[in-house]
């Protein structure tokens, strides 16, 4: 191959949720940037599809992560304003516990510690306040009025569109086969061409460990399934008003579920914390076995959203050893990495993209990223 592909200030490997945001923020600062994506933009094989994500601040209680959530919320709104696209919907959110209230108690403590608005509810309160739900009377719940839903694929498209408007180049269906640091920068070889840049950003999701030797053996890609069910019966009217059916996370006898209404499809999306290690290239299609526990949950607790199946989907969650992000530069500071987002990274995407732009263009950031350093695993 020859270096015919051109020279850039930065190249971004992977244009999903965080990679699209990094590409945008780098371009917005006036730098030349190339985003490379092995699949489509957006695509359904990684961690940025599924139409919706929940932004519930009591789930992220570390000070740095709370600050990241605040910055992400502001950044989503700024992106909406710039692109004219609806991305973030304020819905409120619920944490619910059936058969023990430890998760709700933990969320309540987080709200109190960080002075977040919240309201404690019983199962009976839930039935009156949010008639779409049918949790038992002895359930415990916590309502947060600042909970929100992010439209995930829309967010990727918005970041890419804004990046292109700012002068970025994005190439899909182009797989990176190798990269190396060279005098004065990095060289990236793909299955189509060779490119050079001053800096490299790796946001390759479940494929990050293949791209960065320092991540090999640390990250665990896992398969995750979701189901979207249509409205059903007389209770389906509760789905028509977002304030009557906010998104939730629920623990039922120790098993974790979640549900989100959202854009583009009627009804509700359901998932559970069932993460099965898998090779990213071997992600399998959803099956009836994936659907059954989600339908059983919907039948019992959200009957108005337990109609016919509209969509089944699988995706990848890439876990780090401690469940916290890797957000760092490598020993050679020409390479910045965001990886191991552990199933909770997408909602932070615009903030993470801004931090990666700082690390790439400035060599540092004013945001405290010390807790996300790669060397914590040494």
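The values are calculated or read from the model by the stated rules, or taken from the named source; none is laboratory data. Note that this is a predicted model, so its numbers are computed, not measured. In this analysis, Cβ positions are derived from the backbone assuming ideal geometry, glycine residues included, and neighbour counts consider all displayed protein chains.
Listed values, structure above:
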read-out: Positions within region 119-133 being buried (at least 18 other Cβ atoms within 10 Å of the Cβ) and either touching a residue at least 60 places away in the same chain (Cβ under 8 Å) or in contact with a helix residue (DSSP H, G or I) (Cβ under 8 Å, 6 or more places away or on another chain) (or both), in sequence order; value: 121, 130, 132, 133
read-out: Any chance residue 3 is touching a strand residue (DSSP E or B) at 6+ places or on another chain (Cβ under 6 Å) and modelled with pLDDT under 95; value: yes
read-out: Criterion (part of a helix (DSSP H, G or I) and either buried (at least 21 other Cβ atoms within 10 Å of the Cβ) or modelled with pLDDT of 95 or more (or both)) met by exactly one of 97, 107; value: 107
read-out: Of all residues in region 319-369 being assigned to a helix (DSSP H, G or I) and free of Cβ contacts under 8 Å to residues at least 24 places away in the same chain, the one that is nearest to residue 150 (Cα to Cα); value: 358
read-out: Where residue 178 falls short, out of the listed (1) in the same structural domain as residue 15 (by TED's automatic domain parsing); (2) crowded, with 20+ Cβ neighbours inside 10 Å; (3) assigned to a strand (DSSP E or B); value: (2)
read-out: Selected residue (criterion: nearest to residue 321 (Cα to Cα)) from residues of region 189-230 that are more than 23 Å from the chain's Cα centre (by Cα) and crowded, with 23+ Cβ neighbours inside 10 Å; value: 199
read-out: Residue in region 39-59 that is more than 15 Å from the chain's Cα centre (by Cα) and part of a helix (DSSP H, G or I) present; value: yes
read-out: Residue match in region 57-65 (condition: crowded, with 19+ Cβ neighbours inside 10 Å, in contact with a helix residue (DSSP H, G or I) (Cβ under 8 Å, 6 or more places away or on another chain) and either under 15 Å from residue 79 (Cβ atoms) or in the same structural domain as residue 104 (by TED's automatic domain parsing) (or both)); value: no
read-out: Meets criteria (within 17 Å of residue 47 (Cβ to Cβ) and within 22 Å of the chain's Cα centre (by Cα)) for residue 271; value: yes
read-out: One residue from 306, 289, 296 being in the same structural domain as residue 131 (by TED's automatic domain parsing), farther than 30 Å from residue 175 by Cα and in contact with a strand residue (DSSP E or B) (Cβ under 7 Å, 6 or more places away or on another chain); value: 306
read-out: Only listed residue being under 26 Å from residue 167 (Cα atoms) and surrounded by fewer than 24 Cβ atoms within 10 Å (Cβ to Cβ), chosen from 15, 41; value: 41
read-out: From 254, 343, residue being at pLDDT below 95, closer than 22 Å to residue 74 by Cα and out of contact with any helix residue (DSSP H, G or I) (no Cβ under 6 Å at 6 or more places or on another chain); value: 343
read-out: Whichever residue in region 309-330 is touching a strand residue (DSSP E or B) at 6+ places or on another chain (Cβ under 7 Å) and surrounded by fewer than 20 Cβ atoms within 10 Å (Cβ to Cβ) and, among such residues, is farthest from residue 246 (Cα to Cα); value: 330
read-out: Residue count for region 219-233, restricted to those that are in contact with a helix residue (DSSP H, G or I) (Cβ under 6 Å, 6 or more places away or on another chain), part of a strand (DSSP E or B) and under 30 Å from residue 209 (Cβ atoms); value: 3
